[in-house]
Every structure is written in structure tokens, then in C-alpha cells.
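Down below is the structure, laid out as C-alpha cells.
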Amino acid sequence: MRTPIIAGNWKLHMNPTETVEFVKAVKDQLPQNSEVETLICAPAVDLPALLDSAKGSQLHVGAENCYFEDEGAFTGETSPKVLHEMGVDYVIIGHSERRGYFHETDEDINKKAHAIFKNGMKPIICCGESLETREAGNAESFVEDQIKAALKNLTADQVASLVIAYEPIWAIGTGKTATADQAQEMCAAIRQTVADLYDETTAENVRIQYGGSVKPANVKEIMAKKDIDGGLIGGAALKPDSFLALAHYND
Ligand code: PGA
């Protein structure tokens, strides 16, 4: 049984004061972890406030990125070792904004996945095609290649414990959601890719989220799909009421 995971990706929003206010508003109303796991991934500068205010609650904490080295002369980067020491559980890697604006490659993403596991955390590996790729009919093979590259040399146990987020670029922040059927189709293809690379058990255990304009109004339909185990949510995860509605999609 895969536990659904509803995750906020705050991107470059919120400051520490707003973070504390957000957590205060949601923390006593979250579902139990055994029903739905909830998670906020915040900018690095907000993580101390997020960790401190979420302590003792059901809310997990994630970073939005990290480097693949623990320390060294890498000005401006964030250490996975320190994220773990602080108490961070998850790290998003390979978001299309990082691939696009900051030129992250599949190879970087794979190195980051290894570094995150080495430091006792779990990666949320993002993948997803552009509109151009979809219209050319190459979406599935494009996403499969991203997944194969990101998972390179990870063990089956590691893959079974991580999260993959399918986020078609054309649906992010555009209000243009993939239909629940389109999302299901790709999430099933991703699970099949994991089965081909590893085995059926690993594929049955890996959790696959859909992301791209998920909101309270469409979350239920998306979450009803067989291969969709959660949402990675930007805009609709910035307000406590909206995040709570997403977390309680099944009530
Ligand atoms: P959105 O962002 O929900 O605002 O579309 C999703 C994401 O980029 O993770």
C-alpha cells in the first residue's frame, strides 16, 4: 500500500514570519501520516523556521534543491549533509524551473539523488515534457529517458522509497492542468519504466505524484487515478486553507 503524499512546493515565496504563521494555521488540522503524508518544501532560508514550527506535528519538511557535494568551494550552494542535520526529510530535485533557468542536467540530478540518499533523506525527482515535445508525440519516451538517467545506479530499495513527480511543463503555473487521464497515462508509463529497470515490487512501492496547476477543485479527480499517489503543488499550497483542502482531498 502506497501512502498518498501531498506536497507543497513554495518556490521563491514566503519569508520566515509567513512560514511560522502558515504552520500555525495548518498544523493541528492535518491528516494522520498513516492516511495522507503532508509535506512543505520551502526555500532554504525558511527551513529553520519551518522545521521549528512544524516540530511535533504531522507536517514533513523538504528542501527545494541541494548540491551533490557535502562541502567545499561551491559558493552559494546548499549542503545535503547540513539539510539532514537540520532535520529535513525530502529534497526536490530536477524541477523543470531548475532544469530550465539554472541548466541542471540529468547527470547533476542523478548525482544529487545519490547525495540525498547518502545523507539519509529522500529525493522527490521531477520529470516532465514541454508542450512542443508532447505535440510531437514524444512525451513518454522523453520522460522515460529522464527517469532512467535520474535513477542510474540507485538500488531497488532506494527507488522503492523515493518519490517521482510528473510535472508537464505546460501545466505548471499556467492554470492548464493535464487531464486526470493524461496524468494517469504518464504516471503508469513511469511505473512501467521502474518495473523494467528494477522489478514489479519496486514499481509497486515507488510513489508517483502529479504536479501542474493542482488545486482543491481538481485534486480529488486526479488522486482517484490508480497510478497517482500524490500531488506536488505550487500556487495552491501557499495559503493554509487551500493546503488543508488539498491534504483532505479524500474527506
Ligand atoms: P503549480 O506548480 O501548482 O503552481 O502549477 C507546481 C510545481 O511547479 O511544482
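Counting only helices (runs of 4 or more DSSP H) that sit completely within region 27-128, those holding 2 or more residues that are closer than 16 Å to ALA165 by Cα correspond to 96-101, 106-118. Beta carbons closer than 9 Å, at least 6 apart along the sequence or on distinct chains, pair a first residue in region 95-106 that is of a type in the set (Ser, Thr, Tyr) with a second that is within 11 Å of the ligand (Cβ to nearest atom) and open to solvent by less than 50 Å² (accessible area, probe 1.4 Å) for SER96/CYS126; SER96/GLY128; SER96/GLU167; SER96/PRO168; SER96/ILE172.
On inspection, ALA113 fails the criterion of being farther than 25 Å from LEU50 by Cβ, of a type in the set (Gly, Ala, Ser) and more than 16 Å from the ligand (Cβ to nearest atom). Contact annotation: residue pairs with Cβ atoms under 6 Å, 6 or more positions apart or on different chains, pairing a residue in region 167-195 that is on the phi > 0 side of the Ramachandran plot with a partner that is within 15 Å of the ligand (Cβ to nearest atom) and modelled with pLDDT under 95, are GLY175/SER213.
Each residue in region 199-219 was checked for being touching a residue at least 40 places away in the same chain (Cβ under 8 Å), open to solvent by 60 Å² or more (accessible area, probe 1.4 Å) and either among the hydroxyl-bearing types (Ser, Thr, Tyr) or within 15 Å of the ligand (Cβ to nearest atom) (or both), and 1 of them qualify. Screening ALA178 on (1) at pLDDT below 95; (2) open to solvent by 10 Å² or more (accessible area, probe 1.4 Å) shows it passes everything except condition (2). Residues of region 68-96 that are in contact with a Lys or Arg (Cβ under 7 Å, 6 or more places away or on another chain) and within 15 Å of the ligand (Cβ to nearest atom): TYR90, ILE93. How do the pairs read when you match residues in region 222-250 that are more than 13 Å from GLN29 (Cβ to Cβ) and of a type in the set (Phe, Trp, Tyr) with residues anywhere that are within 14 Å of the ligand (Cβ to nearest atom) and modelled with pLDDT of 95 or more, using Cβ under 8 Å and keeping only pairs 6 or more apart or on different chains? Once the first residue is more than 13 Å from GLN29 (Cβ to Cβ) and of a type in the set (Phe, Trp, Tyr) and sits in region 222-250, its partners that are within 14 Å of the ligand (Cβ to nearest atom) and modelled with pLDDT of 95 or more give TYR249/ILE6; TYR249/PRO216; TYR249/VAL219. Residues in region 161-185 that are among the hydrophobic types (A, V, I, L, M, F, W, C), within 16 Å of the chain's Cα centre (by Cα) and in a helix (DSSP H, G or I): ILE169, ALA171, ALA183.
Looking only at region 129-142, residues that are assigned to a helix (DSSP H, G or I), at pLDDT 95 or above and out of contact with any Phe, Trp or Tyr (no Cβ under 9 Å at 6 or more places or on another chain) come to 4 in all.
Here is the figure for region 220-245: residues that are buried (at least 22 other Cβ atoms within 10 Å of the Cβ), of a type in the set (A, V, I, L, M, F, W, C) and either modelled with pLDDT under 95 or within 10 Å of the ligand (Cβ to nearest atom) (or both) total 3. Taken over region 156-175, the criterion of being more than 19 Å from ILE228 (Cα to Cα) and open to solvent by 70 Å² or more (accessible area, probe 1.4 Å) is satisfied by ASP157, GLY173, THR174. Condition check: modelled with pLDDT of 95 or more and over 19 Å from the mean Cα position of the chain (by Cα). Does THR38 satisfy that? Spelling it out, it is not the case that THR38 is modelled with pLDDT of 95 or more and over 19 Å from the mean Cα position of the chain (by Cα). Here ALA139 passes the criteria (1) touching a Ser or Thr at 6+ places or on another chain (Cβ under 7 Å); (2) closer than 29 Å to PRO240 by Cα except the one numbered (2). If I ask for residues that are more than 16 Å from the ligand (Cβ to nearest atom), touching a residue at least 24 places away in the same chain (Cβ under 8 Å), open to solvent by 60 Å² or more (accessible area, probe 1.4 Å) and not in a helix (DSSP H, G or I), which ones from region 1-23 would you list? Within region 1-23, just ASN15 meets the criteria.
Tell me, yes or no, whether region 127-143 has at least one residue that is open to solvent by less than 20 Å² (accessible area, probe 1.4 Å), among the hydrophobic types (A, V, I, L, M, F, W, C) and over 27 Å from LYS215 (Cβ atoms). No, because not a single residue in region 127-143 is open to solvent by less than 20 Å² (accessible area, probe 1.4 Å), among the hydrophobic types (A, V, I, L, M, F, W, C) and over 27 Å from LYS215 (Cβ atoms).
The values are calculated or read from the model by the stated rules, or taken from the named source; none is laboratory data. On a predicted model such as this, the values are computed, not experimentally measured, just so you know. Here Cβ is always computed from backbone atoms with ideal geometry, including for glycine, and neighbour counts include all displayed protein chains. In case anyone asks, the SASA skips ligands and DNA or RNA and just uses the protein heavy atoms, side chains included. Shrake-Rupley method; radii C 1.70, N 1.55, O 1.52, S 1.80 Å.
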